[in-house]
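Reading through the structure tokens given below for one structure.
The values are calculated or read from the model by the stated rules, or taken from the named source; none is laboratory data. Keep in mind it's a predicted model, so treat the numbers as computed, not measured. When we count neighbours, we look across all protein chains shown, and the Cβ atoms used for this are built from the backbone with ideal geometry, even at glycine.
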Amino acid sequence: MVVSNIRDATKFKQTVLIIDDQPTVLDIHTAILKSVDMNLNIVAMTDPVAALAWMGRKQVDLIVTDFSMLHMDGIEFVETINKANNVGPTPIIVITVLKDRALHKELLTAGAAACLTKPVKSAKLAKVAQFLLSQNKEFYNHQLAATN
């Protein structure tokens, strides 16, 4: 069998990148996302600059990131991802302790797919992540169908 798209390979796993400077939060978000789909490749990182460098070499299907990070905030991170992404959309969920509606709107305007408030409810993060991963999969399937 010839696979024309890596996403069609039988052992393909969607990749989720989680970024937060708190290891406990990384563990919690990883556990929540594993409950959504055990077949995910989950990469957890604490540094947004290192994450951006890693993403330059890897395909990511979903990003879950903290808003308050060393070196850059969530808005700058989202804008950097969207400027650099020339392959296709990478949905981004930003999680913040700030309950500022204007900030949430600014994040969505910058290109975040969702903005959730900490402490995020497990069911909410799972539902949003599952929806965005399924949309991402549909996008790439549609792109593949259009090229064949």
Discussion item. Condition first: loosely packed, with under 14 Cβ neighbours inside 10 Å and assigned to a helix (DSSP H, G or I). Now tell me which residues in the stretch 109-121 satisfy that.
Written reply: THR109
Discussion item. Just to be sure before I move on: is VAL64 crowded, with 21+ Cβ neighbours inside 10 Å and at pLDDT 95 or above in the structure I sent?
Written reply: yes
Worksheet entry | Any pair with Cβ under 7 angstrom, 6 or more apart, that starts in the stretch 43-55 at a residue that is more than 12 Å from ALA84 (Cβ to Cβ) and ends at one that is among the charged types (D, E, K, R) and not in a strand (DSSP E or B) | THR46/ASP20; THR46/ASP21
Discussion item. Just to be sure I understand, how many residues within the stretch 26-70 are touching a Gly at 6+ places or on another chain (Cβ under 7 Å) and assigned to a loop (DSSP other than H, G, I, E, B)?
Written reply: 1
Discussion item. Looking at the stretch 125-138, can you tell me whether even one residue there is modelled with pLDDT under 95, of a type in the set (A, V, I, L, M) and outside any helix (DSSP H, G or I)?
Written reply: no
Item to complete: Provide a single number: the residues in the stretch 38-58 that are of a type in the set (Phe, Trp, Tyr) and loosely packed, with under 14 Cβ neighbours inside 10 Å.
Response: 0
Discussion item. Please verify whether LYS11 is part of a loop (DSSP other than H, G, I, E, B) and either modelled with pLDDT of 90 or more or not small (Gly, Ala, Ser) (or both), treating the condition exactly as stated.
Written reply: yes
